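Structure first, then comments.
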Amino acid sequence: MAEEMRLVVGIAYQAGPDPRIQKGQDGGRDFFDAPELERAAHSFMLSKQEHGLFHVDGSVGAARPVESSIYRNPIPWLVSDNADVQKALAEMAAEVEKMAGPDDLMVRPGDWCLGAILSPRAWELYKAGKITGWSPQGVAKRRTTRR
């Protein structure tokens, strides 16, 4: 039996505000615009890459990045097993975005996509549904924007 690859790929960070989130747990609404996110993604790839689990000290080594990209296609990319959704995407991307359901993953222009090989322990947690996405950890300064 071939050894599992332990590769996970997903959106590391979405460009712009998530339309599903009006206010975060802390009362704020944090996001990067596309140019800021691209700079952050490049800085991440050029720096020492240490990845742990659940922001817990001592868990470094849980993931090793092997892919990193900014989605640059002007047409959103929908990840779905639904054949009807795949056909609609080929016909008209704008209509597909309207059809997207809560379990579909919409990758939009400017989003930062990341792929990593997980450690055996992290892989088991992923397969058990305990790891469900990326969570960037870092320091930022919150600023208020006027609308």
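The values are calculated or read from the model by the stated rules, or taken from the named source; none is laboratory data. The shown structure was predicted, so the numbers you read here are calculated from the model rather than taken from an experiment. Counting neighbours? That spans all protein chains shown, and the Cβs are built from the backbone with ideal geometry, glycine included. Surface areas here come from the heavy atoms of the whole protein model, side chains and all, with no ligands, DNA or RNA. Shrake-Rupley method; radii C 1.70, N 1.55, O 1.52, S 1.80 Å.
Mind giving me the FRET efficiency for Val79 and Asp30? R0 is 30 Å, r the Cβ-Cβ distance, nearest 0.05 is fine. Could you put the intermediate results ahead of the total?
Working: r = 24 Å, r/R0 = 0.81.
The pair Val79/Asp30 has a calculated efficiency of 0.80.
Would you pull out the residues with amide H under 5 Å of Tyr13's amide H, same chain only if 5 or more places away, H placed 1.01 Å from N?
Under 5 Å from the amide H of Tyr13: Trp112.
As a test question: what accessible area, to the nearest 10 Å², does Trp77 have when a 1.4 Å probe is rolled over all protein chains in place?
110
Expected output is a single nm value to one decimal: the length gained when fully extending between Leu105 and Val60, i.e. 0.36 nm times separation in residues minus the C-alpha distance. What is it?
Values: separation 45, 0.36 × 45 = 16.20 nm, distance 2.73 nm.
Residue separation times 0.36 nm, minus the Cα-Cα distance, leaves 13.5 nm.
Please give the FRET efficiency for Arg121 paired with Ile70, using the beta carbon to beta carbon distance and R0 = 25 Å, rounded to the nearest 0.05.
After rounding to 0.05, the efficiency reads 0.25.
For Phe32, enumerate residues with amide H under 5 Å from its amide H, sequence gap 5+ or separate chain, H modeled in the peptide plane.
Gly16
At 7 Å along the Cα-to-beta-carbon direction for both Gln86 and His42, put a label point, then send me their distance in nm to one decimal.
Distance between label points: 3.6 nm.
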